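Engineer: Let me give you the structure first, and then I'll get to my questions.
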Amino acid sequence: MDTTVSAQVAPRRGRKTLKGYGFDLQAKQIIRNELIRSGVSHEELVKRLARMGVIENVPNLRNKLTRGRFSAPFLLQVMAALGAKSIDLDEALTDLATAN
């Protein structure tokens, strides 16, 4: 009797495999770096978004940012709330939280 286990892991039920996974990470990093640069907390970002008419709460915001899966309009709303004037895609490959 063969007891070896296959090394191939099937995707979790209900989940689609993402071909552009790196872009999720890059989108997450863009916002994370801008939060660090501007010194704005998640709580303050929720307040700034609310002033723009975007209703979020802190736990939902953290989940969105942790996953890195959000819409382009949401990315632009966050960047506007943080006062960003541009998005540097190359810099998004660097984690400002760990860069010294």
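The numbers here are math on the coordinates, done by the rules we state, and not lab data. A quick note: this is a predicted structure, and the numbers were derived from the prediction, not measured. Virtual Cβ from ideal backbone geometry, glycine too; neighbours counted across all protein chains shown.
Engineer: What Rg and what Dmax come out for segment 41-100 when only alpha-carbon atoms are used, in angstroms?
Structural biologist: Using the Cα atoms of segment 41-100, the pair Rg, Dmax is 12.1, 36 Å.
Engineer: Another one. Could you give the length gained on full extension between L76 and I36, defined as 0.36 nm per residue of separation minus the Cα-Cα distance, in nm?
Structural biologist: The L76-I36 span can extend by a further 12.7 nm.
Engineer: In nm, give the distance between the simple-model label positions of L96 and L25, each being 7 Å from the Cα along the Cα-to-Cβ direction.
Structural biologist: According to this spin-label approximation, the distance is 2.0 nm.
Engineer: So, one more: So, R0 is 22 Å and r is the distance between the beta-carbons of D88 and R62; what FRET efficiency does that work out to, to 0.05?
Structural biologist: 0.40
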